[in-house]
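Okay, so here's the structure we're looking at.
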Amino acid sequence: MANPKSAYSVSTKKEKTDTHIIVVWVDNEAGVLARVVGLFSGRGYNIESLAVAEVDAKRNISRITIVTTGTPQVIDQIKLQLKKLVPVHKVADFKRNDKSVIFKEMALFKVVGNSSKIKKAINACKKYNAVILDKTKKSNVIQITALRREIDKMAKNLKKFGLVSISRTGAVAMTRGDKIFN
Amino acid sequence: MSKLYSGAEIVFKCLEDQEVEYIFGYPGGAVLPIYDELKNHSSIKHILVRHEQGAGHAAEGYARSSGKPGVVLVTSGPGATNVVTALTDAYMDSVPLVCISGQVPTHLIGTDAFQECDTTGITRPCTKHNWLVKDIKDLSKTLHEAFKVATTGRPGPVLVDIPKDIQFAKFNYSKQKIEKKLNGKVSNNFNQKEIDQLIDLMNQSRRPIIYSGGGVINSGPEASEALRELVEITGFPITSTLQGLGAYPGDDNQFLGMLGMHGTYEANNAMHDCDLLINIGARFDDRITGKIDEFSPKSKKVHIDIDPSSINKIIKVDLAIVGDVKEILKGTNKTLKKKNIDLKKSNKPKISKWWEQIQKWRSKNSLHFKNSDETIKPQHAVQRLYELTKDKDTFITTEVGQHQMWAAQHYKFNKPNRWMTSGGLGTMGYGLPAAVGVQIAHPKKLVIDIAGEASVLMTMQEMSTAVQYSLPIKIFILNNQYMGMVRQWQELLHEKNYSESYSEALPDFIKLAEAYGCKGILAEKPDELDRKINEMVEFDGPVIFDCRVDPNENCFPMIPSGKPHNQMILGPSEKEDNKITGKGKTLV
């Protein structure tokens, strides 16, 4: 019941927090990302990762995918506050452990080393849809798509095979089956 | 091809279509084309303030006392940054404002040009929405949308930033498109089932209380009427937040007075012990709830609000009805009358014990203070002011601090839109410019700013505005030479270390009044108070009233920070055994 946002909640209870993926459809206009991100920072909500791109050029709609953690009350507030923003059309919310939704992140790994090391690196990446994007004698750029924790793990594991640089995206999400939300 | 208009002309055509009569503003380089166009539009009167913050607060006073949106016009850079306090104030208290700001020409944006600032960036967190108009084609559409966003749903401020080249550019003017849905931003789709649930809860309740807020005022005079009818039909006790005062008559027997930090003993105890709490248009602000964990522990809670994000934000409720207070209350009254006509009668025995309990709390007389023949007590001054002005349909504004709470406690409001105070943001310096705006909206009415001497000095320059437009506002200063509320907290929390809360070298307010070209009145003794107040009320022109009050008076009753509703300090003798300790000390 106590909410950490009030000056008067000298809260004694600690509520459980969950990770949620919030998907927001917005008008693709100047400042819209600042409005969404500013709402999070201004009200003290977390952003773990963020992915934004236009998905409908004709209607000028962008889709923002935000990974966040919070108590059920905070997650509700996030959704309700987002819905109040004028350029926001729709807000969807999924728990990270929701089985009916696919979550994916993409990462690029640059591995530098001798061919045997690189080969081992590629092998390690195989189960995550590895694609070789660039190849020289001494280096490889490998793209994988996976879950956040899988990418975290790979980033750690590849160190011994000469991983020198990582670039990764925020999570994107889509429901399984024929169900859609737009 | 339709006629081409300049951007500046389009601005005025929009304002005319929106039936704007007054704009509060201050000219500058980046809005000169708009100011140049002013002379061609006689239906719109410009009120020249002395500082842009004053323009914002004056527009707030205008909006809150008239129910119409307030319009502000400022220049780029410092003009825009000066209005930020007023925009934030309006955002916190849900006041509809449309602020038009000039901007450097589009080709200079981002170059750190003279008087350039990122106005839309700065005002993004303190407006409902804002726009930078980069194309003359968008101008009329944007301005109409701005009015719509400001006035629909939960009202609030918006800002339209117009670069100077757009003000010169030419395009045709388009009238407002009828009812374009704003992404479903306006929620008014409550249903009969929810109203039936509410009535079931009312029927079951033995210890009910209605807690109404500013939403009732914002919903219009009809909402206040519906609220009065509901209270009449049900026979329930009602309390009000600071912003809601006036929605229900302050002198009625069913009214328990204001609740919250400086609310009455009966209102706060009733909130704590009730079994049904009906929140109508309020937001469970921390000044109201006290300690959250112990807030109204035994009650079912109902929340009626137009803003879905207010529901379950602070307090989890059992029944939420999202929509316009006016519609919901009317629907409730209608259903109540249809279902059981004699609710008041049938309710009476059910809740009579509850009323007995409330009378017991009431008999504590928590607003009591020790009066004096020697010095003017500030509470006494407000009481006398009330007695001598209550028959005049008076409009009251306030600054922020002790005087504000005394005004809320001792001045009784019988009509909505008569009470303008900065509650959410707590802006010192709000009351004087707000009084200017109120007087503009109601030229024939008596408008009084109940002020503190520290607050009023923050926007004192607006007296010059009042004199320029012959606005007979009365600035009633409860002068205790301290920032009283700061001093009170230092007394309670910081062992009477009155760090920087005493104002040395205050101006002579009488001479100050004369310097501005208005009348100054000084009252130092209780026996001259009535005569001087009458002199102030009867004077046809602006007055600064310097009421010298007891500098050491504290504002009671009080819920100490970190304490629940049923642990109030009633007066100076009690505070020793109810000391604020531990975590409570860190709260604001």
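Checking B:Phe295, B:Phe284 one by one, the residue that is in contact (Cβ under 8 Å) with a residue 24 or more places away in the chain, within 11 Å of another protein chain (Cβ to nearest Cβ) and at positive phi is B:Phe284 and no other.
Name the residues in region A:7-40 that are at pLDDT below 95 and either among the basic types (Lys, Arg) or part of a helix (DSSP H, G or I) (or both), would you? Selection gives A:Lys13, A:Lys14, A:Lys16. Selection over region B:38-68 of residues that are buried (at least 24 other Cβ atoms within 10 Å of the Cβ) and not β-branched (Val, Ile, Thr) gives a count of 14. Taking region B:45-98 as the range and being β-branched (Val, Ile, Thr) and touching a Phe, Trp or Tyr at 6+ places or on another chain (Cβ under 8 Å) as the test, the residues that pass are B:Ile47, B:Val49, B:Val71, B:Val72, B:Val74, B:Thr75, B:Val98. The number of residues in region A:63-88 that are more than 8 Å from chain B (Cβ to nearest Cβ) and part of a loop (DSSP other than H, G, I, E, B) comes to 1. Of the residues that make up region A:94-111, is at least one part of a loop (DSSP other than H, G, I, E, B) and at pLDDT 95 or above? Looking for residues that are part of a loop (DSSP other than H, G, I, E, B) and at pLDDT 95 or above, one finds none in region A:94-111, hence no. State whether one or more residues within region B:211-221 are in a loop (DSSP other than H, G, I, E, B), of a type outside the set (Phe, Trp, Tyr) and closer than 23 Å to B:Ile358 by Cβ. Yes, region B:211-221 contains at least one residue that is in a loop (DSSP other than H, G, I, E, B), of a type outside the set (Phe, Trp, Tyr) and closer than 23 Å to B:Ile358 by Cβ.
Scanning region B:144-174 for residues that are more than 14 Å from chain A (Cβ to nearest Cβ) and part of a helix (DSSP H, G or I) yields B:Lys164, B:Asp165, B:Ile166, B:Gln167, B:Phe168. Remark: pairs (first residue in region A:123-140, within 18 Å of A:Lys159 (Cα to Cα); second residue part of a strand (DSSP E or B) and of a type in the set (Gly, Ala, Ser); Cβ separation under 8 Å; 6+ apart in sequence or on different chains) = A:Tyr128/A:Ala146.
Residue-wise test of (1) under 22 Å from B:Gly323 (Cα atoms); (2) modelled with pLDDT under 95; (3) crowded, with 17+ Cβ neighbours inside 10 Å.
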{"residue": "B:His144", "(1), (2), (3)": "no, no, yes"}
{"residue": "B:Val149", "(1), (2), (3)": "yes, no, yes"}
{"residue": "B:Gly156", "(1), (2), (3)": "yes, no, yes"}
{"residue": "B:Leu159", "(1), (2), (3)": "no, no, yes"}
{"residue": "B:Lys177", "(1), (2), (3)": "no, yes, no"}
{"residue": "B:Lys180", "(1), (2), (3)": "yes, yes, no"}
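Scanning region A:130-157 for residues that are β-branched (Val, Ile, Thr), closer than 17 Å to A:Asn114 by Cβ and surrounded by 15 or more Cβ atoms within 10 Å (Cβ to Cβ) yields A:Val141, A:Ile142. All told, B:Ser372 meets the bar of being among the polar types (S, T, N, Q), away from chain A (no Cβ under 14 Å) and part of a loop (DSSP other than H, G, I, E, B).
Taking the criterion of being more than 13 Å from chain A (Cβ to nearest Cβ) and either surrounded by fewer than 20 Cβ atoms within 10 Å (Cβ to Cβ) or on the phi > 0 side of the Ramachandran plot (or both), the only residue of region B:118-140 that qualifies is B:Lys137. Of all residues in region B:308-326, those satisfying the criterion of being more than 7 Å from chain A (Cβ to nearest Cβ) and not in a loop (DSSP other than H, G, I, E, B) are B:Ser310, B:Leu319, B:Ala320, B:Ile321, B:Val322, B:Val325, B:Lys326. Could you tell me whether B:Leu256 is touching a helix residue (DSSP H, G or I) at 6+ places or on another chain (Cβ under 7 Å), in contact (Cβ under 8 Å) with a residue 40 or more places away in the chain, closer than 30 Å to B:Leu570 by Cα and in a strand (DSSP E or B)? Against the criterion (touching a helix residue (DSSP H, G or I) at 6+ places or on another chain (Cβ under 7 Å), in contact (Cβ under 8 Å) with a residue 40 or more places away in the chain, closer than 30 Å to B:Leu570 by Cα and in a strand (DSSP E or B)), B:Leu256 qualifies. Restricting region B:510-524 to residues that are surrounded by fewer than 18 Cβ atoms within 10 Å (Cβ to Cβ) and touching an Asp or Glu at 6+ places or on another chain (Cβ under 8 Å), the residue that is farthest from B:Thr389 (Cα to Cα) is B:Ile510. Of all residues in region B:535-575, count the ones that are at pLDDT below 75 and more than 14 Å from B:Trp489 (Cα to Cα). Here the count works out to 2. Selection over region B:83-115 of residues that are touching a residue at least 12 places away in the same chain (Cβ under 8 Å), of a type in the set (S, T, N, Q) and farther than 19 Å from B:Gly424 by Cα gives a count of 4.
Is it the case, given these coordinates, that B:Met460 is surrounded by fewer than 24 Cβ atoms within 10 Å (Cβ to Cβ) and closer than 18 Å to B:Pro542 by Cα? For B:Met460, the condition - surrounded by fewer than 24 Cβ atoms within 10 Å (Cβ to Cβ) and closer than 18 Å to B:Pro542 by Cα - is met.
For beta carbons closer than 9 Å, sequence separation of 6+ or different chains, a first residue in region B:512-530 that is on the phi > 0 side of the Ramachandran plot and a second that is outside any helix (DSSP H, G or I) and of a type outside the set (Val, Ile, Thr), the qualifying pairs are B:Gly517/B:Gly541; B:Gly517/B:Pro542. Scanning region B:193-227 for residues that are surrounded by fewer than 24 Cβ atoms within 10 Å (Cβ to Cβ) and closer than 22 Å to B:Asn269 by Cα yields B:Leu201, B:Met202, B:Asn203, B:Gln204, B:Ser205, B:Arg206, B:Arg207. In region B:539-547 there is no residue that is without any contact (Cβ under 8 Å) to a residue 12 or more places away in the chain and surrounded by fewer than 19 Cβ atoms within 10 Å (Cβ to Cβ).
The condition (being of a type outside the set (D, E, K, R), surrounded by 23 or more Cβ atoms within 10 Å (Cβ to Cβ) and without any contact (Cβ under 8 Å) to a residue 60 or more places away in the chain) is satisfied by just one residue among B:Thr332, B:Thr239, B:Thr264: B:Thr239. Listed by position, the strands (runs of 3 or more DSSP E) enclosed by region B:1-115 that each have at least 2 residues that are within 21 Å of the chain's Cα centre (by Cα) are B:22-25, B:70-74, B:97-103.
The values are calculated or read from the model by the stated rules, or taken from the named source; none is laboratory data. In this text, all values refer to a predicted model and were calculated from it rather than measured experimentally. Glycine gets a Cβ as well: all are built from the backbone with ideal geometry, and neighbour counts include every protein chain shown.
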